[in-house]
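Asker: The structure follows.
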Amino acid sequence: MDSYISFPGLGIEPFHINKVAFSLTIGEHTFSVAWYGILITFGMLLAVIIAMSLSKYEKIKTDDIADLAIFSILFGVLGSRIYYVIFTWNEFPYLVTNKSFFENIFLTLKNIIAIWEGGLAIYGGVIGGILVAIVFSKVKKIRFTRIIDVLAPCVMVGQIVGRWGNFVNMEAHGGETTLPWRMGLLYGDAATGTWLTEQYVHPTFLYESLWNLIGLIILLSIYKKKKFDGRNAAFYFIWYGFGRFLVEGLRTDSLYIGALRVSQVVGLVSVVVGILMMIFLKVKKSHKEGE
């Protein structure tokens, strides 16, 4: 049964997107490369290019940015996976207990790190990136607030591009709607128009991608006008946190703590943190100028 996407309200007829971009055969093994992975990688590369460009405003060496990029990407992906696993531990069989002792350990670890099967959460990536920035600032003796100012637009770029990976996978969508821009999720035969399942939902991947695109444009336009270090990172926390809170309320695949949607709670916390950062850093700057 083939899967199709459509936007009937916009006049876009059902079309099929293969989740696998291409396959490579090496010896007896065939490896599939998914569009999701390609898009994530492209987003990372674009983020590094932007970081290199912004580094001159923060007086950070490009070599340091390259080192920062490597560790931020590594621990960002690791943080995203750990965050996801923690909040889905009771939903998926990560823990294996029916084999030998060492097999149980190996298979459990394999399940936990299996990002190729999906399961990443952006907030975990942000947390991982912040931890890297803290350590990096200490080791390289670079002001922490300058580092996170560089990282803020980079994270936005990754989110903008990464959400299109959700589109290709037909995931991270909202509940059913009849709005003109509704997205059709269809399974069946497009040639005959015979659909075994047919659902029209909020394209929440698009909502979040566009929200972050607008935020990125604003952030880049005001980047050089900042009056104190950390302002751009604070803007990111406020902008993304508020947008994610709204979009998450429409999604059907939210992670929960009891009856609360985790991403909505974290979104509100992000907004509060961003506002407090704005106030604290601005007051701190004013005190220094008054001395």
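Asker: What do you reckon, is MET44 part of a helix (DSSP H, G or I) and either farther than 25 Å from ILE122 by Cβ or in contact with a Gly (Cβ under 7 Å, 6 or more places away or on another chain) (or both)? Steps first, please.
Answerer: Values: part of a helix (DSSP H, G or I): yes; either farther than 25 Å from ILE122 by Cβ or in contact with a Gly (Cβ under 7 Å, 6 or more places away or on another chain) (or both): yes.
It is true that MET44 is part of a helix (DSSP H, G or I) and either farther than 25 Å from ILE122 by Cβ or in contact with a Gly (Cβ under 7 Å, 6 or more places away or on another chain) (or both).
Asker: Give me the residue from segment 54-81 that is of a type in the set (Lys, Arg) and assigned to a helix (DSSP H, G or I) and, out of that set, nearest to the chain's Cα centre (by Cα). Steps first, please.
Answerer: At the first step, the residues of segment 54-81 found to be of a type in the set (Lys, Arg) are 56, 59, 61, 81.
Narrowing further to those that are assigned to a helix (DSSP H, G or I): 56, 81.
Values: LYS56: 26, ARG81: 11 Å.
Only one residue tops the list, namely ARG81.
Asker: Right, here's the next one. Answer yes or no: is there a residue in segment 203-210 that is in contact with a Phe, Trp or Tyr (Cβ under 6 Å, 6 or more places away or on another chain), buried (at least 19 other Cβ atoms within 10 Å of the Cβ) and part of a helix (DSSP H, G or I).
Answerer: yes
Asker: Search segment 13-22 for residues being open to solvent by 70 Å² or more (accessible area, probe 1.4 Å) and part of a strand (DSSP E or B), and hand back the single one that is farthest from PRO203 (Cα to Cα). It would help to see each step written out before you state the result.
Answerer: Taking segment 13-22 as the starting set, the residues that turn out to be open to solvent by 70 Å² or more (accessible area, probe 1.4 Å) are 13, 16, 18-19, 22.
Going one step further and asking which of them are part of a strand (DSSP E or B), we end up with 13, 22.
On the way: GLU13: 16, PHE22: 26 Å.
Out of the qualifying residues, it is PHE22.
Asker: Go through segment 226-280 residue by residue and tally those that are over 16 Å from MET156 (Cα atoms), open to solvent by less than 60 Å² (accessible area, probe 1.4 Å) and of a type in the set (S, T, N, Q).
Answerer: Matching residues across segment 226-280 total 3.
Asker: If you check THR25 against the conditions, is it under 30 Å from ASP2 (Cβ atoms), touching a Leu at 6+ places or on another chain (Cβ under 8 Å) and open to solvent by 80 Å² or more (accessible area, probe 1.4 Å)? Give the derivation first.
Answerer: Numbers: under 30 Å from ASP2 (Cβ atoms): yes; touching a Leu at 6+ places or on another chain (Cβ under 8 Å): no; open to solvent by 80 Å² or more (accessible area, probe 1.4 Å): yes.
No; evaluated as a whole, the condition is false for this residue.
Asker: Further question: Does segment 143-193 hold any residues that are over 20 Å from ALA34 (Cα atoms), touching a residue at least 60 places away in the same chain (Cβ under 8 Å), open to solvent by less than 30 Å² (accessible area, probe 1.4 Å) and assigned to a loop (DSSP other than H, G, I, E, B), and which are they?
Answerer: Listed by number, the list holds a single entry, GLY175.
Asker: Just a yes or no: is a residue in segment 122-141 under 23 Å from ARG163 (Cα atoms), in contact (Cβ under 8 Å) with a residue 60 or more places away in the chain and not in a helix (DSSP H, G or I)?
Answerer: no
Asker: Is there any pair with a first residue in segment 26-40 that is at positive phi and a second that is in a strand (DSSP E or B) and modelled with pLDDT under 90 whose Cβ atoms are under 6 Å apart and which are 6 or more apart or on different chains, and what are they?
Answerer: Here the result reads none, with nothing in segment 26-40 linked to a residue that is in a strand (DSSP E or B) and modelled with pLDDT under 90.
Asker: Right, another one. Provide a single number: the residues in segment 222-260 that are of a type outside the set (S, T, N, Q), outside any strand (DSSP E or B) and within 25 Å of THR177 (Cβ to Cβ). Spell out the reasoning first.
Answerer: Quick first cut of segment 222-260, residues of a type outside the set (S, T, N, Q) only: 222-231, 233-251, 253, 255-260.
After this cut, where a residue has to be outside any strand (DSSP E or B) as well, the list is 222-231, 233-250, 253, 255, 258-259.
Of the ones still in play, those that are also within 25 Å of THR177 (Cβ to Cβ) are 239-250, 253, 255, 259.
Result for segment 222-260: 15.
Asker: What is the one condition in (1) surrounded by fewer than 22 Cβ atoms within 10 Å (Cβ to Cβ); (2) of a type outside the set (D, E, K, R); (3) closer than 28 Å to GLU91 by Cβ; (4) touching a residue at least 60 places away in the same chain (Cβ under 8 Å) that LEU220 does not satisfy?
Answerer: Result: LEU220 fails condition (3) only.
Asker: Among (1) in contact (Cβ under 8 Å) with a residue 40 or more places away in the chain; (2) touching a helix residue (DSSP H, G or I) at 6+ places or on another chain (Cβ under 7 Å); (3) farther than 21 Å from TYR236 by Cβ; (4) not charged (D, E, K, R), where does THR88 come up short?
Answerer: (2)
The values are calculated or read from the model by the stated rules, or taken from the named source; none is laboratory data. This structure is a prediction, so every number in the text was calculated from the model and none was measured. FYI the Cβ positions are ideal-geometry reconstructions off the backbone, even for glycines, and counts take in every protein chain you see. For the accessible areas, the whole protein counts, side chains as well, though only heavy atoms, and no ligand, DNA or RNA atoms are used. Shrake-Rupley method; radii C 1.70, N 1.55, O 1.52, S 1.80 Å.
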